[in-house]
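Below: one structure, written as structure tokens.
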Amino acid sequence: MLFSKRTPESGNETNIRWYHKLRAKYRLIILNEDSFEEKVSFRMSRLNVFVVTGALAIILIFLTIYLIAFTPLREYIPGYSDTGLQRDLYELQLRADSIETALMQKDLFIINMRRLISGEIADSVFTPLPASDSATRANYALISLSKSREDSILRAEYEKENLYNIRSNGDGGGGRKASLSTISFFTPVKGFITNRFDASKNHYGIDIVSGQNEAVKAAYDGVVFFSEWTSETGNVIAIQHSGNIVTVYKHNAVLLRKQGAFVRAGESIAIVGDSGSLTTGPHLHFELWINSAPVDPELYMTF
């Protein structure tokens with residue numbers, strides 16, 4: 001019996017032979033079956049085949065994952081559903097509940113009207129809507145009309161709001177129409193008119209361009225009932241005058257009077273500016289309202 005000892009050199013030779021086999025070149029030839037004419041030939045090795053096959057497999061795996069995760073095709077795979085489906089179902093459920101509540105209220109209303117017409121309801125009390133707690137019939141005979149503390153507070157607030165009502169001699173408390181022949185308006189600001197009054201275009205005032213930092217004057221005696229900032233017209237101040245007359249001053253840079261302040265004709269109330277999103281530059285937009293209707297300010301004053 002013969003025994004052979006495997007040396008390290010023989011192992012290295014085996015690895016080298018396997019490496020050479022992987023790198024060994026082969027040619028794939030496609031021939032015509034009848035004429036044996038060579039049509040296409042490819043020069044390749046086992047290593048190249050393994051590399052190309054592995055790359056194609058990896059690309060195929062990534063494409064499959066992409067199609068499943070980021071395209072609507074995943075809806076056709078069992079276990080996947082559209083993310084918006086749950087939201088749509090929730091909205092439909094809310095609408096169905098709202099419709100059910102509305103139908104219940106209409107049915108109760110029709111039932112109560114039938115009972116009222118037929119005389120079944122003696123106390124004129126309708127059937128209440130279903131509630132979680134026990135409902136009781138209303139007894140209107142026990143309702144007290146005495147003045148409460150909340151009523152006193154409301155009356156005080158109402159009286160405070162009446163501070164904006166202008167009362168002057170001979171105007172009947174500001175409720176009668178203005179006698180324009182006896183009123184001399186003060187020009188709010190001197191300058192050039194760039195945009196005139198045109199009610200057909202919803203432009204209920206005039207635009208006046210004046211000097212920089214020019215003071216805006218009150219056109220007539222009155223009480224400031226609005227002095228705030230708005231997104232479209234910027235800093236706005238409005239004055240209530242006697243005889244149902246209102247003047248409005250828009251696009252101001254600074255407001256000099258607060259709500260509730262009493263001003264005299266010619267008194268400075270603001271500074272000309274270009275505040276608001278509808279402004280086209282530094283100017284004053286001035287409106288004159290008489291008896292709740294806008295009028296052309298140029299008919300009553302000179303600019």
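The values are calculated or read from the model by the stated rules, or taken from the named source; none is laboratory data. These numbers were taken from a predicted model, which means no experiment stands behind them. Cβ placement follows ideal geometry from the backbone for every residue including glycine, while neighbour counts extend to all protein chains displayed.
Are there any pairs with C-beta distances below 6 angstrom linking a residue in segment 279-290 that is farther than 21 Å from Gln212 by Cα to a residue that is outside any loop (DSSP other than H, G, I, E, B) and among the hydrophobic types (A, V, I, L, M, F, W, C), with the two at least 6 apart or on different chains, and if so which?
Partner pairs satisfying both residue conditions: Leu288/Val295; Trp289/Val246; Ile290/Ile245.
Take the residues of segment 267-301 that are in contact with a Pro (Cβ under 7 Å, 6 or more places away or on another chain) and among the acidic types (Asp, Glu): which is surrounded by the most Cβ atoms within 10 Å (Cβ to Cβ)?
Of everything passing the filter in segment 267-301, Glu287 is surrounded by the most Cβ atoms within 10 Å (Cβ to Cβ).
Within segment 223-232, is there a residue that is assigned by TED's automatic domain parsing to the domain that holds Pro282 and farther than 26 Å from Ser277 by Cβ?
Yes, because at least one residue in segment 223-232 is assigned by TED's automatic domain parsing to the domain that holds Pro282 and farther than 26 Å from Ser277 by Cβ.
Pull out all pairs, ordered by first then second residue, where Cβ-Cβ is under 7 Å, the residues are six or more apart or on different chains, the first lies in segment 34-55 and is assigned by TED's automatic domain parsing to the domain that holds Tyr19, and the second is at pLDDT below 80 and among the hydrophobic types (A, V, I, L, M, F, W, C).
Sorted first by the residue in segment 34-55, then by its partner, the pairs are Ser45/Leu22; Arg46/Leu22; Leu47/Leu22.
With the condition being at pLDDT 90 or above and out of contact with any strand residue (DSSP E or B) (no Cβ under 7 Å at 6 or more places or on another chain), I'd like the strands (runs of 3 or more DSSP E) fully within segment 171-240 carrying at least 2 qualifying residues.
Per the criteria, no element qualifies.
Consider Phe225 against the criteria (1) out of contact with any Gly (no Cβ under 7 Å at 6 or more places or on another chain); (2) closer than 14 Å to Gln259 by Cβ; (3) without any contact (Cβ under 8 Å) to a residue 60 or more places away in the chain; (4) surrounded by 18 or more Cβ atoms within 10 Å (Cβ to Cβ): it satisfies all of them except one. Which criterion is unmet?
Going through (1) out of contact with any Gly (no Cβ under 7 Å at 6 or more places or on another chain); (2) closer than 14 Å to Gln259 by Cβ; (3) without any contact (Cβ under 8 Å) to a residue 60 or more places away in the chain; (4) surrounded by 18 or more Cβ atoms within 10 Å (Cβ to Cβ) one by one, Phe225 breaks only (3).
Given (1) more than 29 Å from the chain's Cα centre (by Cα); (2) without any contact (Cβ under 8 Å) to a residue 40 or more places away in the chain, where does Leu255 come up short, assuming only one miss?
(1)
Taking segment 241-266, which residues are surrounded by fewer than 17 Cβ atoms within 10 Å (Cβ to Cβ) and part of a strand (DSSP E or B)?
Val254, Phe262 - these are the residues of segment 241-266 that are surrounded by fewer than 17 Cβ atoms within 10 Å (Cβ to Cβ) and part of a strand (DSSP E or B).
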